[in-house]
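Novice: Okay, handing you the structure first.
The values are calculated or read from the model by the stated rules, or taken from the named source; none is laboratory data. The shown structure was predicted, so the numbers you read here are calculated from the model rather than taken from an experiment. So basically every Cβ, Gly included, is an ideal-geometry build from the backbone, and we count neighbours across all protein chains shown.
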Amino acid sequence: MHAILTNLAVPRYLLTKAAHRVGINAGALLSLRDDWPEPKLPEAPGWVRLRPELTGICGSDVGVAQAKSSLVLSAFYTARHQILGHEIVAVTDSGERVVVDPIVSCVHRGFPPCRSCQDGFPYVCERFDQPGVSGCHAPALGFDAALGGGWGEVLVAHESQLHPVGDLPSRRAVLAEPTSIALHAALQWKRRGDRAVVIGPGTIGLLVIAALRRLHPGLDITAVGPGTFIPPYAERAGADRTLPPGPEVVETLAGLHGGRVIRPRLTRVPLLEQGVDVVFDCVGLSSTIDLGLHLLRPSGMLVLVGGAGRQPVDWSLVWNRQLTVQGSVNFGPEPALDGRHTMAQAVEWLADPAYPVDGLVTHIHDLPEWRTALTTAAAGPRASAVKVALRPNPDLPLRT
């Protein structure tokens, strides 16, 4: 089959990492293959074959391609060969259109439930490094060629991972996985207050805004992001305003909401006394984490959404102002939704034409154009891109 294969052999990885460090896009890890074998169905009940209709390119995919993935998390991603792509709308062999929850937890690996799975948190399963009957050496589909991924013509998944979407338009359906990520993140905050900030309105940030607006119609939401491309998207998603990043955010929000600005000695970013109630950081750089901490009121919450990485941050405000720092990853059964699966809720929202996600898929490419697609996704707003998607099977019609 045709597939974009990632070869994570150590010399290739180090070469790619070094090349990106000096600004060279070597692309040494990925290649388009036309002879890669289709993944085999695991020898266990419930596994089905899928043909991807459309697959999104996620920030974590870009991180793999550029050798920027966390070395700590490599303990859970041990497959040498990957077929990336976990934001998938696909067609089963029986002709049903589905979106895919990519998480491969104990039930899929043939193990008795670990403590996390027993407690209803399969998205942080304690056996992500053990393939079991699934053969998957990763926490999710799209990170091991054994089960395939959305950047290939065929993959396999367990029927419990599939959520039917009927005639949902392809450009909306392909957003089911990132919408679920965003909803799971939004649900980490048990509302205490009326003011929220979302830093980094890329795809995930925009979908966090949309989720917050759907969950909390009266919430005041500020998006923080650079340039002139993103603000119209943020406002359509539900933001009340978009501000450029930097220390000036503190000054602007103080003027809007009546807070006080306090200036520490010898630091660039002032503090916002009487600050906002929650900050969702969808970037995860030291500068954005630092800004978020400076914006929060005492006992506020900082939710870290998306990819992980090592960042030097002065965490003293966490102690001094008794802040909560909450990580958010993946999704699954939601206690805040009475145990309903995040993706089931996401599909329901996406089926509502009023849910403001039209236009987020800005670019679609066939597999042979994968280099252009990846470069565009990595550039983001600089390439006028929000969500870039690949079309592995052009014979499958896109629904409109």
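Novice: So Gly246 fits all but one of (1) over 19 Å from Leu304 (Cβ atoms); (2) part of a helix (DSSP H, G or I); what number is the exception?
Specialist: (2)
Novice: Let me ask something else about it. Would a scan of region 371-388 turn up a residue that is in contact (Cβ under 8 Å) with a residue 60 or more places away in the chain, on the phi < 0 side of the Ramachandran plot and more than 20 Å from the chain's Cα centre (by Cα)?
Specialist: Yes, because at least one residue in region 371-388 is in contact (Cβ under 8 Å) with a residue 60 or more places away in the chain, on the phi < 0 side of the Ramachandran plot and more than 20 Å from the chain's Cα centre (by Cα).
Novice: Using the structure shown, decide if His257 is farther than 30 Å from Gln345 by Cβ, surrounded by 15 or more Cβ atoms within 10 Å (Cβ to Cβ) and modelled with pLDDT under 95.
Specialist: Here the answer is yes, as His257 does meet what is asked.
Novice: For the structure I just gave you, tell me whether Ser94 is surrounded by fewer than 19 Cβ atoms within 10 Å (Cβ to Cβ), at pLDDT 95 or above, of a type in the set (S, T, N, Q) and over 17 Å from the mean Cα position of the chain (by Cα).
Specialist: Here the answer is yes, as Ser94 does meet what is asked.
Novice: How many residues, within region 75-94, are within 15 Å of Ala146 (Cα to Cα) and in a strand (DSSP E or B)?
Specialist: Residues that pass the stated criteria total 3.
Novice: Among (1) assigned to a helix (DSSP H, G or I); (2) in contact (Cβ under 8 Å) with a residue 12 or more places away in the chain, there is one condition Ile364 misses while meeting the rest; what is its number?
Specialist: Just one mismatch for Ile364, condition (1).
Novice: Mind checking which residues of region 146-195 are of a type in the set (Asp, Glu) and under 26 Å from Thr6 (Cβ atoms)?
Specialist: Listed by number, the residues that qualify are Glu153, Glu177.
Novice: Yes or no: Gly46 closer than 17 Å to Phe143 by Cβ and at pLDDT 95 or above?
Specialist: no
Novice: Would you call Leu304 within 30 Å of Leu162 (Cβ to Cβ) and either assigned by TED's automatic domain parsing to the domain that holds Gly205 or under 20 Å from the mean Cα position of the chain (by Cα) (or both)?
Specialist: So Leu304 passes the test.
Novice: Among the numbered conditions (1) more than 24 Å from Leu398 (Cα to Cα); (2) among the charged types (D, E, K, R); (3) in contact with a Gly (Cβ under 7 Å, 6 or more places away or on another chain), tell me where Arg191 comes up short.
Specialist: It fails just one condition, (3).
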